[in-house]
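Throughout, read-outs are computed from the coordinates displayed, never taken from laboratory work. Just so it is clear, the model here is predicted, and its values are computed rather than measured. Don't worry about glycine lacking a Cβ; one is built from the backbone with ideal geometry, like all the others, and counts go over all protein chains shown.
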Amino acid sequence: MGIKQHLTIRSSVLKGHVNKYAILGLIISISSIIVATILVSYQMTGGISLSGLIHAQTSNPAIWALDLTPFMFAYWGQSFCYELASKAELIIEDKTRELVDKRGDLEQKLQYESNHDSLTNLPNIRLLSKRINQGIQQLKKGEMLAVIILNINNFKDVNYTYGNFSANSLLLQFSETLKSLLLEPYMLQSYMGMNMIARLQAAEFAVLIPRLRKDHNLEQIVANIIDGTSKTFMIDGNNINISTTAGVAVYPEHGSNDEELIHHATLCLLHAEKEEQRYAMYKPSMDKGYKTKGIMLKEISSAIDHEEIETLYQPVIQLNNENIVGAEAVIHISSEKYGVFNAEKLIPLVEGTSLVKKLTEFTLRKATEQLVLWHGINQKIFIRVHLFNATDMELPGFIEDLLKRHNMSASYLRVELTEKACLSDQTRSVNFLNKLAEMGIKIAISDFGSGYSSFVYLINFPIHGLKIDKSFTMNMMKDEKKRKLVHAITRLADTMNLEVFAEGIADKNTLSELKQLGCKYGEGPYFSQPVSAESFTSALRRLNQNTTNIYP
């Protein structure tokens, strides 16, 4: 039922109540006349008779006045009260009109928001797709349409260094620059009809040229766009040099609809970035490499679903006494077609896909199950697990349920994340890490010194330790600069009351140096490579028996 119909029914009900109470008033007034006439007749004649009632009606002025009340009630009820109800109906109609107008405005607002980017107010991919298909329908035989996808190079670095607010400021400046560029006379001469700019995601924009001139030079158009957007922007008082890369697909040669054109332009962009080119035009051969990646991702997904991933464990050593105190879970997949996928190959392959979540949850499940088995033989060690994402707000709840299910203390599960993962979205990362810390899970930053090396997280994030990247420790005894850098990291950690963890320990001299520097934990080939759970368990039993060679 619509708003107007609903309120009209309410108005009819109100009029019905007016009629009801008007009739009730009429009945009361007539009853009053009858009672008054009987009383006057009794006083005048000493009894009640028809002649006495007629005499009372014809001789008493007070009854005459009372006889007028039914007419007054009839008029008041049917005229005045009805007029009041009519006014109420008019008010209802006005409010109905107002509500309908507001609903229309709200629908328009929702329609706009569903088709536009909330930050730049540019059309989004949904509206871009509509405009591409509309443009295709309006083209005449022999005419062409172009989709150009443009990406700001190294935008993540800006985000990590300056934060989300400043990065958003850059995106707004960039979108205005792009709009102004496409209105330049030399650009307008290159095509017919209005162009369109859209923001697809993060630092990725699209330019739709709905009708190219027959004598067009598309490569020159793309080059002009790249030149015009590769410039210096001001952020937080700093001049930031920005460059862009583009991918191009043309209708009908490279696709017959919006989905194909956007997909092929995106492939061109990825190809150009990989080959370090300014831009790339679509070629069918570009599909091959990305289809291979898609097949590999499907194989990894299948391996997770069928638990065909092997989890290896590398001993974590407490350096002051060289005892095994923990294990780092390391994932390992063997493929007949693609060979071995270790962590170094897997992480960049699955990054940015839904497999990150599946892989993380799988590793956490296996690590917790193994932790229960080791504790069952009285080996109270901890397990360290690498997390790929610091913004998945469902993951802390998953970990909490996992620990409760296995009746395992959170103090035995430790996690590590890269600097990049922590700084990608600082607000969400802080909330994410706080949830883990509140559960009692210790958090470390891995590969410290090899990434962005921002000290923001040392102050704002609830971390407990730093893991020195193996690129520094493996050659530190032969490279004085690396040794000094490791020394500086350990001193910084000591000042911040953080534990220091060194990976890649390859010889006794490095071990001795790290001990002197106060490094608490370590791992590396000097002790053991990652091994199966069975080999690790055997090493733990040897540790219990005080055997000299305890390592796997």
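Over 21 Å apart at the Cα level, from the set LYS357/LYS420; LYS141/LYS214; LYS366/LYS520; LYS130/LYS298, are LYS366/LYS520; LYS130/LYS298. Take 216-224, 179-187 and order them by the average number of nearby Cβ atoms within 10 Å per residue, most first; the result is 216-224, 179-187. Quick one: length gained pulling GLN201 to GLU351 fully straight, 0.36 nm per residue minus the C-alpha distance? Stretched fully, the GLN201-GLU351 segment lengthens by 52.4 nm. Near GLY326, the amide H atoms lying under 5 Å from its own belong to VAL316, PHE382; only residues 5 or more places off or on other chains count, and H is placed 1.01 Å from N.
Between ALA223 and GLN189, the distance separating the two model label sites (each 7 Å from Cα on the Cα→Cβ line) works out to 1.6 nm.
If you plug the beta carbon distance of THR232 and ASN378 into 1/(1 + (r/R0)^6) with R0 = 45 Å, you get a FRET efficiency near 0.10.
For the peptides 143-154, 461-472, the ranking by mean Cβ contacts within 10 Å, running from highest to lowest, is 143-154, 461-472.
Please give the residues of the range 231-246, grouped as numeric ranges, whose backbone N is less than 16 Å from a label point set 7 Å along the Cα-to-Cβ vector of SER166. The answer is 232-242, whose backbone nitrogens lie closer than 16 Å to the label point. Its residue count N fixes a reference of 2.2 N^0.38 Å for the range 125-284, and the Cα radius of gyration divided by that reference is 1.03.
Shown is the FRET efficiency for SER335 and ILE27, computed with R0 = 60 Å from the Cβ-Cβ distance and rounded to the nearest 0.05: 0.05. Full extension of the chain between ARG428 and GLU400 yields a length gain of 8.2 nm, computed as 0.36 nm times the residue separation minus the alpha carbon distance.
A straight chain from ASP215 to SER301 at 0.36 nm per residue would run longer than the Cα-Cα distance by 26.1 nm.
Normalised by 2.2 N^0.38 Å, where N is the number of residues, the C-alpha radius of gyration of the range 293-544 stands at 0.99.
Each label was represented as a point 7 Å from its Cα along the Cα-to-Cβ direction; for GLU113 and MET393 these points are 1.7 nm apart.
Using the average count of surrounding beta-carbon atoms within 10 Å as a protection proxy, the listed peptides 300-313, 247-260 rank, highest first, as 247-260, 300-313. Against the compact-protein benchmark of 2.2 N^0.38 Å, the Cα-based radius of gyration of the range 360-431 scales to 1.17.
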